[in-house]
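A.B. asks: The following block contains the structure, expressed as structure tokens.
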Amino acid sequence: MSQVTESDERLLIEAAQNDPSRFGELYEKNFYRVYAYVARRVRDRAETQDLTAHVFHQALANLGKFKWKGSPFAAWLYRIASNAIADQAKRKARESMPQSDSIDESSTTVDLERVERRARLFSAVDKLPDDQRRVIVMRFADEMSIREIADELGRSEGAVKQLQFRGLENLRNRLNEY
């Protein structure tokens, strides 16, 4: 996972807005996050792939309208994904029960708040020192044990635990700043 600062991300966005062929860099940086976000909510692989493609198609088509507000670009992509998932659910509901037009919008609002928190978390993790970030990602994203991480990094289990502790403390402090 490469560390991209807020200013680097902003420059990538501006470059893509000026030259759409540069959108590939944003796509590469955010694909797995968006795919995972959609997959957790959809559960059907083909539908997940279609919705993820739709999200990036919409993002590219509307990139000129994107305004930098300090949140990670992924938060905007999550919002597009959330809307696409909700639209698809509404379509499916209409197809299966034409008389029912009511959809619970409060779950979408709660979901967007969760997405914003997750985006802040991703940003905070990206800003950790390299060794702490690697341990946090391996431990919580890759779900590796302390022993597995120690073996992979060539460090003692105690050192890995200390890096994890420091990384979590740094995350807590950074997230409290928000």
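The values are calculated or read from the model by the stated rules, or taken from the named source; none is laboratory data. Just so it is clear, the structure is predicted and the values come from calculations on it, not from any experiment. Neighbour counts are summed over all protein chains in view; Cβ atoms, including those assigned to glycine, are modelled from backbone coordinates with ideal geometry. These accessible areas exclude ligands, DNA and RNA; they are computed on the full protein's heavy atoms, side chains included. Shrake-Rupley method; radii C 1.70, N 1.55, O 1.52, S 1.80 Å.
A.B. asks: Please count how many residues of region 48-78 are of a type in the set (Gly, Ala, Ser) and touching a Pro at 6+ places or on another chain (Cβ under 8 Å).
C.D. replies: Adding up the residues that qualify gives 0.
A.B. asks: Could you check region 37-48 and list, in sequence order, the residues that are in a helix (DSSP H, G or I) and exposed (fewer than 13 other Cβ atoms within 10 Å of the Cβ)? Give the steps one after another, and end with the answer.
C.D. replies: Of the residues in region 37-48, the ones in a helix (DSSP H, G or I) are 37-42, 45-48.
Result: ARG40, ARG45, ALA46.
A.B. asks: Which condition breaks for VAL34 when tested against (1) within 15 Å of the chain's Cα centre (by Cα); (2) open to solvent by 70 Å² or more (accessible area, probe 1.4 Å); (3) without any contact (Cβ under 8 Å) to a residue 60 or more places away in the chain?
C.D. replies: Tallying (1) within 15 Å of the chain's Cα centre (by Cα); (2) open to solvent by 70 Å² or more (accessible area, probe 1.4 Å); (3) without any contact (Cβ under 8 Å) to a residue 60 or more places away in the chain, VAL34 fails exactly one: (2).
A.B. asks: Among the residues of region 1-47, count how many are hydrophobic (A, V, I, L, M, F, W, C) and within 15 Å of ALA84 (Cα to Cα).
C.D. replies: 6
A.B. asks: Out of region 1-31, which residues are closer than 18 Å to ALA59 by Cβ, part of a loop (DSSP other than H, G, I, E, B) and open to solvent by 50 Å² or more (accessible area, probe 1.4 Å)?
C.D. replies: ASP19
A.B. asks: Next question. Give me the pairs, please: first residue somewhere in region 120-137 and free of Cβ contacts under 8 Å to residues at least 60 places away in the same chain and closer than 12 Å to GLU169 by Cβ, second residue anywhere and part of a helix (DSSP H, G or I) and among the polar types (S, T, N, Q), beta-carbon distance under 7 Å, and either six or more positions apart or on two chains.
C.D. replies: Between residues of region 120-137 that are free of Cβ contacts under 8 Å to residues at least 60 places away in the same chain and closer than 12 Å to GLU169 by Cβ and residues that are part of a helix (DSSP H, G or I) and among the polar types (S, T, N, Q), the close pairs are LEU128/ASN170; GLN132/ASN170; ILE136/GLN164.
A.B. asks: Here's another thing I want to ask about it. Filter region 56-83 for residues that are open to solvent by less than 40 Å² (accessible area, probe 1.4 Å), over 12 Å from ALA16 (Cβ atoms) and either touching a His at 6+ places or on another chain (Cβ under 6 Å) or assigned to a helix (DSSP H, G or I) (or both) and give the result.
C.D. replies: Within region 56-83, ALA74, ALA75, LEU77, TYR78, ILE80, ALA81, SER82 meet the criteria.
A.B. asks: Which condition number in (1) over 18 Å from GLU116 (Cα atoms); (2) modelled with pLDDT under 90; (3) not acidic (Asp, Glu) is the one that LEU51 fails?
C.D. replies: Among (1) over 18 Å from GLU116 (Cα atoms); (2) modelled with pLDDT under 90; (3) not acidic (Asp, Glu), LEU51 violates only (2).
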